[in-house]
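In what follows, a structure is listed as structure tokens, so that the remarks can point back to it.
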Amino acid sequence: GMGYKVYALRKTAGGTETSAESPALIEQRQSTILENAFYRVELDPEHGAVRSIYDKQLGKELVNQESPYRFGQYLHVSGGDKRPNTLLQYRTIELQPALKVDGARNGRMVSVTKTPYGLVARMQAEDTNTPTVATEIRLFDAEKKIEFVEDIDKTAVRPREAVYFAFPFAMDHPEFRYEIQTGVVDPAKDMYPGAGHEWFSAQHWAAVEQDGASGAVLPLDTPLITFGDIYRGAWPDKFGTRTGTIFSFAMNNYWSTNYDSAQGGHVRLRYVVTSARSTDDAALSRMGWEEATPLELDEVTTQDKSGEPRGGWDGKQASYLEVDDPDVLAEALKPAEDGDGTILRLLDLGGKARTITVRVPGFALTRVVRTDAVERDQDAITLSGPHSFQLPISPHGIATVRIAGEVASQAPSF
């Protein structure tokens, strides 16, 4: 993440997309089947969602065919206006409201397009108070993931309502896990007594695992999630056993405090779905960071090349910072607040105590000091070379160090 790679841009004879009117894609659009080396995906245009996802590597169907909801389906929930009720406030002596769940419907297939990276299918449906739910499904040739891009046109209304997206995995008693800021939570085991068990806040991902299969959803724009069911104001004492549906709790107007209770307008929400034999916390966290903060692109022209270049850095690719452990994330590399050196902040995604090696090729190191979160020096770290040092890191820990030294003769400064 602290490096660069250079590509040459050249004009090609053809376009970047293949028309949806080609014979092969017309046949594919009519059959509503998308397929690559990883998945066979059957679309459900009527509901603007997915009917089936077959994982070829696992040899398993991932979608619960008995669920009342399609995979990735938009849901509008109404009810809860009559007070008092347990949906709007924590009062177990009150009655739960009778909620009405309407799924997206009256949908149609719009197009299937072949792109340089894979297939893109577009559907459009509608729902209560939602004239348009435009869904884009992206299936990648070289990556085991499926992207859902949802463009919603929502009518602003004041009666109590909520919006969800449903992801029903084919599991009846899975283990649930979700990422928080500096760790991973199993809601059936890790919650304090008295904690809420109906909605949760995920940092990057939520996953379910059962019988040699794991499915994960990365809600890139909406951190609130529910497991097994939507939020109904049940306020259970324990998490218990639930079916393997992950719901993105996208919006609601249940609590009219500090925001407009009428939620309308155009909204774009993005989700990434992936699967594996088991839940790999670190791999999902890496994918979450990659999806949330993708590579930055910049076109370099002749106007950018004035002056004499500094040093002998590789013109194709190089890195300012190298960490030998793929489960450690470099969160920050910045000038120190007091002007003394450079601050490096690392986050462990792997969940194990260990020692890592850090290299800074552009620096001739003279001093490395561990600091606290507000950059106050703690203890010195012994250098293992002119450009490297070793650093112990704790499970899901955050390590902050101050780097001091001189710019290497063949490298630019930070």
Seminar exercise, completed: Among the Cα-Cα pairs of the stretch 132-171, the proportion with separation greater than 15 Å, in percent, is 61 percent
Exercise. Which order, highest average first, do 180-190, 60-70 follow once you tally other Cβ atoms within 10 Å for each residue and take the mean per peptide?
Worked result: 60-70, 180-190
Problem set entry | Pairs beyond 31 Å (Cα-Cα), from K145/K316; K114/K352; K189/K352; K144/K352; K11/K60 | K114/K352; K11/K60
Problem set entry | Scaled radius of gyration (Cα, divided by 2.2 N^0.38 Å) that the stretch 164-321 gives | 1.38
Problem set entry | Apportionment of accessible area to carbon and sulfur, the chain, percent (1.4 Å) | 49 percent
Seminar exercise, completed: Phi angles of the stretch 239-247, converted by Karplus (6.51 cos²θ - 1.76 cosθ + 1.60, θ = phi - 60°) into ³J(HN,Hα) in whole Hz with x for Gly and Pro, give 5, x, 9, 9, 6, x, 9, 9, 10
Problem set entry | For peptides 153-161, 357-365, sequence by mean Cβ density within 10 Å, most packed first | 357-365, 153-161
Exercise. Ignoring ligands, DNA and RNA, what accessible area per residue does the chain give at 1.4 Å, in Å²?
Worked result: 51 Å²
Exercise. Quick one: how many Å² of L58 are accessible to a 1.4 Å probe, rounded to 10?
Worked result: 20 Å²
For this session: Show the residues, 5+ positions off or on another chain, whose built amide H is closer than 5 Å to the amide H of Q203.
Result: E179, I180
Exercise. Of the GluC sites (Glu not before Pro) in the stretch 333-411, which ones lie in a loop per DSSP and count no more than 12 other C-beta atoms within 10 Å?
Worked result: E337
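The values are calculated or read from the model by the stated rules, or taken from the named source; none is laboratory data. Keep in mind that what you see is a predicted model, and the values were worked out from it rather than measured. FYI the Cβ positions are ideal-geometry reconstructions off the backbone, even for glycines, and counts take in every protein chain you see. Calculation scope for accessible area: heavy atoms of the full protein, side chains included, ligands and nucleic acids excluded. Shrake-Rupley method; radii C 1.70, N 1.55, O 1.52, S 1.80 Å.
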